[in-house]
Amino acid sequence: MKPFARPLAVVGGVLLIVAALLPWVTFSLNSGNYPDRATLQYFDAPFGVTGFRWHILLLGVLVLIATFAPIPNKGRVIRSLGWGGLAVALINSVFIVAEGGGLGAITAADGSSAFGGVVGVVAGIAVILAGTGLGIEPPTKWKLTLSTPLAYLVLLVTFAAVLVAVSATLTAGGQGGPANPYAGGLFLSFLGFAAGLLTALNGVGLVGWISELSEKHRIFSVVVLLACALLLPFTGAGSEYWMTVAANIGIYAATAIGLNIVVGLAGLLDLGYVAFMGIGAVVAANLSGAAASKIGLDLPFPVAAVIAAIIAGIFGAIVGSPTLRVRGDYLAIVTLAFGEIFTRSAQNNIGGLTNGANAIPGVPPLDLFGKEFNQSLSIGSVQLPAGVLYYVLIVLLVAGVMAIFANLKFSRIGRAWIAIREDEDAARAMGIKTGKAKILAFLVGATLAGLAGAVFAHKNGTVSYESFKFLESVTLLAAVILGGMGSIPGAVLGASLLFVLPEKLREFSDYRLMIFGLALVLIMRFRPQGLVPDRHRRAELADEDVGGVPVDEVHEHDTKGAKA
């Protein structure tokens with residue numbers, strides 16, 4: 001098939017461009033007109049293409065460029081772009097059909113024709129076959145060395161692009177609801193486009209080179225990433241809705257990083273971890289002058305947060321103490337029992353600190369220089385949405401927790417935790433005091449969760465046991481495993497996906513959780529090491545080398561080189 005691969009790629013690229021200019025819907029659907037003026041054809045006005053049609057057009061142009069340009073790993077790049085085009089065309093076509101249009105909506109009906117989706121699907125398949133025919137090689141490794149100022153400039157541009165991409169992802173499809181019934185489909189379509197583009201950039205070697213460059217200039221990269229996170233309110237995602245969602249993601253991301261210490265580093269399965277977050281929230285609410293508090297204290301937030309973190313850490317050490325005697329499944333049962341004990345105790349108001357089913361309302365919002373964090377903020381002529389100060393606080397919290405995790409991971413105790421995770425008996429034989437190390441893992445993880453819980457209490461203004469049930473512990477554990485156990489950015493990415501996807505898929509109503517669960521199954525099937533794994537997990541679960549390239553592909557490529 002190789003002799004026909006290049007002509008097939010050209011045909012596929014041209015068809016993707018044609019698909020973008022063809023109509024996609026023959027008539028108005030039951031819920032209203034499909035977005036991006038999908039019933040119109042743009043051969044007379046090609047610059048009027050927007051939304052998913054613009055994504056298809058861009059992918060088609062990139063396929064043609066990749067076909068004729070002297071780029072490395074041409075087959076992998078073209079195949080990735082083909083998958084992106086197929087995803088955009090297929091998702092939009094299926095969504096149009098499912099929304100009451102039927103097959104006539106994407107073909108012909110009432111004298112009107114709309115073959116944009118059909119042509120897009122055919123084009124995507126053609127491009128995938130062309131890329132496969134050209135040959136799939138491991139992602140290219142660049143050996144380009146830059147001076148420090150130029151490297152800083154490249155990293156600035158890259159992270160600025162990441163900020164734009166994050167904003168575009170959050171706002172893709174718009175905010176769902178009765179007024180925008182197609183938001184979920186458009187969001188999934190954008191994800192398909194972004195995944196195809198990102199994997200193409202990875203195939204050409206750009207993603208790996210940027211990763212190595214950022215690792216080489218780690219401190220600068222961390223500072224720029226923090227600045228980019230703080231600049232998110234100034235982008236299209238700077239609305240009150242997304243500030244609230246992003247702040248909640250940050251709280252759970254900080255908690256997931258703490259769980260990553262217990263599960264990812266020490267290898268201890270904890271099924272009741274969210275209880276430590278609940279303890280921190282309850283303690284902070286009672287010490288901060290909440291309306292239902294029985295203690296009667298009104299301590300400053302920093303003091304209340306520190307006390308909440310310490311108390312949660314003490315409970316963590318208590319829960320971790322059974323690790324001296326039990327391990328594996330038995331330890332999981334112990335932690336599960338602790339989580340249930342906390343939930344039932346809070347529900348029945350044992351001790352009079354949780355107010356039972358009535359929760360703890362009236363937790364005062366944080367304030368700074370008389371400015372409450374839940375109010376909008378003006379910087380010059382720029383009006384920032386309400387809740388932006390909470391978002392800034394939580395970004396700083398996540399950054400601090402990430403710094404703690406990074407220092408622990410590469411410290412002596414961190415290496416001891418990893419040794420326990422790999423083989424506890426061997427670690428004990430090497431002189432590691434495994435009992436103390438495991439208790440310390442629980443203590444540190446619970447302390448970080450308690451701190452996140454204190455912020456949670458003030459941000460939401462109420463603390464209820466409903467927020468700390470077993471399902472939340474499972475979600476946090478899924479975030480750690482999904483992102484990559486032992487990985488700092490992995491926990492943040494995992495938490496982001498687990499809380500953004502349900503928000504963006506609300507339009508699918510009864511099918512939302514099924515689609516969400518299916519996505520998790522597919523990710524775990526094809527990325528068992530996690531989306532952003534550390535090198536140990538990558539080698540264990542994916543048979544990949546240090547650079548993340550599958551060992552089979554490396555061996556196949558080396559064999560071909562030897563034969564040549």
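Here are the numbers for the structure shown:
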| quantity | calculated |
| --- | --- |
| Subset tally (residues that are in contact (Cβ under 8 Å) with a residue 12 or more places away in the chain, assigned to a helix (DSSP H, G or I) and open to solvent by 30 Å² or more (accessible area, probe 1.4 Å)) for the range 431-443 | 3 |
| Answer residue from the range 271-289, given it is of a type outside the set (S, T, N, Q) and under 15 Å from residue 366 (Cα atoms) and is modelled with the lowest pLDDT among those | 289 |
| Among (1) within 20 Å of the chain's Cα centre (by Cα); (2) open to solvent by less than 40 Å² (accessible area, probe 1.4 Å) - the single one residue 409 does not satisfy | (1) |
| The range 24-38, subset farther than 10 Å from residue 105 by Cα and not small (Gly, Ala, Ser), residue surrounded by the fewest Cβ atoms within 10 Å (Cβ to Cβ) | 30 |
| Among residues of the range 375-387, those that are touching a helix residue (DSSP H, G or I) at 6+ places or on another chain (Cβ under 7 Å), assigned to a loop (DSSP other than H, G, I, E, B) and either open to solvent by 30 Å² or more (accessible area, probe 1.4 Å) or polar (S, T, N, Q) (or both), counted | 0 |
| Residue match in the range 233-250 (condition: more than 26 Å from residue 374 (Cβ to Cβ), out of contact with any Ser or Thr (no Cβ under 8 Å at 6 or more places or on another chain), among the β-branched types (Val, Ile, Thr) and at pLDDT 85 or above) | no |
| Any hit, the range 407-430, residues being closer than 30 Å to residue 180 by Cβ and in contact (Cβ under 8 Å) with a residue 40 or more places away in the chain | no |
| Members of the range 135-159 that are assigned to a helix (DSSP H, G or I), within 20 Å of residue 62 (Cβ to Cβ) and open to solvent by 40 Å² or more (accessible area, probe 1.4 Å) | 157 |
| Any chance residue 295 is assigned to a loop (DSSP other than H, G, I, E, B) and either of a type in the set (Val, Ile, Thr) or touching a helix residue (DSSP H, G or I) at 6+ places or on another chain (Cβ under 6 Å) (or both) | yes |
| Any hit, the range 107-117, residues being open to solvent by 40 Å² or more (accessible area, probe 1.4 Å), in contact with a helix residue (DSSP H, G or I) (Cβ under 7 Å, 6 or more places away or on another chain) and not polar (S, T, N, Q) | no |
| Any hit, the range 388-406, residues being open to solvent by less than 70 Å² (accessible area, probe 1.4 Å) and part of a loop (DSSP other than H, G, I, E, B) | no |
| Any hit, the range 190-200, residues being assigned to a helix (DSSP H, G or I), of a type in the set (Gly, Ala, Ser) and modelled with pLDDT under 90 | no |
| Residue, farthest from the chain's Cα centre (by Cα), within the range 459-476, restricted to residues that are open to solvent by less than 10 Å² (accessible area, probe 1.4 Å) and over 20 Å from residue 402 (Cβ atoms) | 463 |
| Residue in the range 343-359 that is modelled with the highest pLDDT, counting only those that are part of a loop (DSSP other than H, G, I, E, B), out of contact with any strand residue (DSSP E or B) (no Cβ under 9 Å at 6 or more places or on another chain) and at positive phi | 349 |
| Selected residue [modelled with pLDDT of 75 or more, under 27 Å from residue 274 (Cα atoms), open to solvent by 90 Å² or more (accessible area, probe 1.4 Å) and of a type outside the set (Lys, Arg)] from 498, 493, 518 | 518 |
| Selection count, the range 164-190, where residues are within 28 Å of residue 74 (Cα to Cα) and open to solvent by less than 60 Å² (accessible area, probe 1.4 Å) | 6 |
| Only listed residue being without any contact (Cβ under 8 Å) to a residue 40 or more places away in the chain, in contact with a helix residue (DSSP H, G or I) (Cβ under 9 Å, 6 or more places away or on another chain) and open to solvent by 40 Å² or more (accessible area, probe 1.4 Å), chosen from 62, 15, 103 | 103 |
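Yes/no matrix, rows are residues, columns are (1) in a loop (DSSP other than H, G, I, E, B); (2) closer than 23 Å to residue 364 by Cβ; (3) of a type in the set (Lys, Arg):
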{"position": "269", "(1), (2), (3)": "yes, no, no"}
{"position": "291", "(1), (2), (3)": "yes, yes, no"}
{"position": "308", "(1), (2), (3)": "no, yes, no"}
{"position": "312", "(1), (2), (3)": "no, yes, no"}
{"position": "318", "(1), (2), (3)": "no, no, no"}
{"position": "341", "(1), (2), (3)": "no, no, no"}
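The values are calculated or read from the model by the stated rules, or taken from the named source; none is laboratory data. Everything numeric here is computed off the predicted structure, so don't read it as measured data. Cβ atoms come from the backbone with ideal geometry, glycine included; neighbour counts cover every protein chain shown. Each accessible area value is taken on the protein alone, full model and side chains, heavy atoms only, with ligands, DNA and RNA left out. Shrake-Rupley method; radii C 1.70, N 1.55, O 1.52, S 1.80 Å.
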